[in-house]
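Below is one structure, written out as structure tokens; the observations come after it.
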Amino acid sequence: MPLVRIDLVEGQPSEYRSAIADEVYKAMTSTLNVPENDRFMVISEHKPGDFIADPIYLGISRSRACVIVQITLNAGRDVDMKRAFYKALADGLHARIGLRREDVFINLVEVAKENWSFGNGIAQYT
């Protein structure tokens, strides 16, 4: 059960934001074994002064169009799966909305299964 948080600078139309969410979900299901309908996402827009992404860290030239995608998910995926996800998402966003690959910042946060409750005050995975 991934929980996806997508952050970007305000001003993009709803279709753009929806396309990002769709591409994240597509990349998760195709590379990280995320099941169908396991889609929980929050998209937040920020004023330019409230969204800081260093424009040159690690030699990667980022623009103001940078999008930060943070995903909390169950621990256990190997490095190859994660790399495949990073590539699939960057490629998918580039192909669909023209977002530069350099402007796709991804962070995975792995947690144990007992850290989830999908509702009813129950830890469904334990």
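The values are calculated or read from the model by the stated rules, or taken from the named source; none is laboratory data. Fair warning: this is a prediction, and the values are worked out from it, not measured in the lab. Every residue, glycine as well, gets a Cβ built from its backbone with ideal geometry; the counts of neighbours run over all protein chains shown.
Can you name the residue in the stretch 99-126 that is outside any loop (DSSP other than H, G, I, E, B) and among the aliphatic types (A, V, I, L, M) and, of all such residues, is surrounded by the fewest Cβ atoms within 10 Å (Cβ to Cβ)? Explain how you work it out, then say what you get.
Applying the first criterion (outside any loop (DSSP other than H, G, I, E, B)) to the stretch 99-126 yields 101-111, 113-115, 119, 122.
Okay, now just the ones that are also among the aliphatic types (A, V, I, L, M), so 104, 106, 108-109, 111, 122.
Values: 104: 23, 106: 16, 108: 16, 109: 12, 111: 13, 122: 10.
Out of the qualifying residues, it is 122.
From the list 2, 13, which residue is within 25 Å of residue 124 (Cβ to Cβ) and not basic (Lys, Arg)? Spell out the reasoning first.
On the way: 13 fails: within 25 Å of residue 124 (Cβ to Cβ).
Result: 2 is the single residue among 2, 13 that is within 25 Å of residue 124 (Cβ to Cβ) and not basic (Lys, Arg).
Is it the case that some residue within the stretch 78-85 is of a type in the set (A, V, I, L, M) and in contact with a Phe, Trp or Tyr (Cβ under 9 Å, 6 or more places away or on another chain)?
No, the stretch 78-85 contains no residue that is of a type in the set (A, V, I, L, M) and in contact with a Phe, Trp or Tyr (Cβ under 9 Å, 6 or more places away or on another chain).
How many residues are among the aliphatic types (A, V, I, L, M) and out of contact with any strand residue (DSSP E or B) (no Cβ under 7 Å at 6 or more places or on another chain) when one looks only at the stretch 85-107? It would help to see each step written out before you state the result.
Here is the first cut: in the stretch 85-107, the ones among the aliphatic types (A, V, I, L, M) are 88-90, 93, 95, 97, 99, 104, 106.
Restricting the remaining residues to those that are out of contact with any strand residue (DSSP E or B) (no Cβ under 7 Å at 6 or more places or on another chain) gives 88, 95, 97.
The total comes to 3.
Residue-wise test of (1) under 15 Å from the mean Cα position of the chain (by Cα); (2) among the aliphatic types (A, V, I, L, M); (3) farther than 19 Å from residue 5 by Cβ.
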site	(1), (2), (3)
79	no, yes, yes
82	yes, no, no
85	yes, no, no
88	yes, yes, no
93	yes, yes, no
98	no, no, yes
106	yes, yes, no
113	no, no, yes
116	no, no, no
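Whether any residue in the stretch 68-75 is farther than 16 Å from residue 1 by Cβ and either of a type in the set (Phe, Trp, Tyr) or out of contact with any Lys or Arg (no Cβ under 7 Å at 6 or more places or on another chain) (or both) is what I want to check. Don't jump to the end; show me each part of the working.
Here is the first cut: in the stretch 68-75, the ones farther than 16 Å from residue 1 by Cβ are 68-69.
Applying the additional criterion that residues be either of a type in the set (Phe, Trp, Tyr) or out of contact with any Lys or Arg (no Cβ under 7 Å at 6 or more places or on another chain) (or both) yields 68-69.
Yes, there is a match, as at least one residue in the stretch 68-75 is farther than 16 Å from residue 1 by Cβ and either of a type in the set (Phe, Trp, Tyr) or out of contact with any Lys or Arg (no Cβ under 7 Å at 6 or more places or on another chain) (or both).
Where the second residue is acidic (Asp, Glu) and modelled with pLDDT of 95 or more and the first is closer than 13 Å to residue 20 by Cα and lies in the stretch 68-93, which pairs have Cβ atoms under 6 Å and are six or more apart or on separate chains?
68/7; 92/23; 93/23
Any idea which of 77, 96, 39 is over 30 Å from residue 126 (Cα atoms), touching a helix residue (DSSP H, G or I) at 6+ places or on another chain (Cβ under 9 Å) and surrounded by 11 or more Cβ atoms within 10 Å (Cβ to Cβ)?
Numbers: 77 fails: over 30 Å from residue 126 (Cα atoms); 39 fails: over 30 Å from residue 126 (Cα atoms).
After ruling out the rest, the residue left standing is 96.
Those residues that are assigned to a helix (DSSP H, G or I) and touching a residue at least 24 places away in the same chain (Cβ under 8 Å), I need them from the stretch 23-44; list them, please. Spell out how you get there, then give the answer.
At the first step, the residues of the stretch 23-44 found to be assigned to a helix (DSSP H, G or I) are 23-31.
Once the filter is applied, which keeps residues that are assigned to a helix (DSSP H, G or I) and touching a residue at least 24 places away in the same chain (Cβ under 8 Å), the stretch 23-44 yields 23, 24, 26, 27, 28, 30, 31.
State all residues of the stretch 1-21 that are in a helix (DSSP H, G or I) and either free of Cβ contacts under 8 Å to residues at least 60 places away in the same chain or more than 15 Å from residue 104 (Cβ to Cβ) (or both); if no residue qualifies, say none. Before you say what the answer is, go through the steps one by one.
Quick first cut of the stretch 1-21, residues in a helix (DSSP H, G or I) only: 14-21.
Hits for the stretch 1-21 are 14, 15, 17, 18, 21.
Just one of (1) within 30 Å of residue 113 (Cβ to Cβ); (2) out of contact with any helix residue (DSSP H, G or I) (no Cβ under 7 Å at 6 or more places or on another chain) trips up residue 23, so point out which.
(2)
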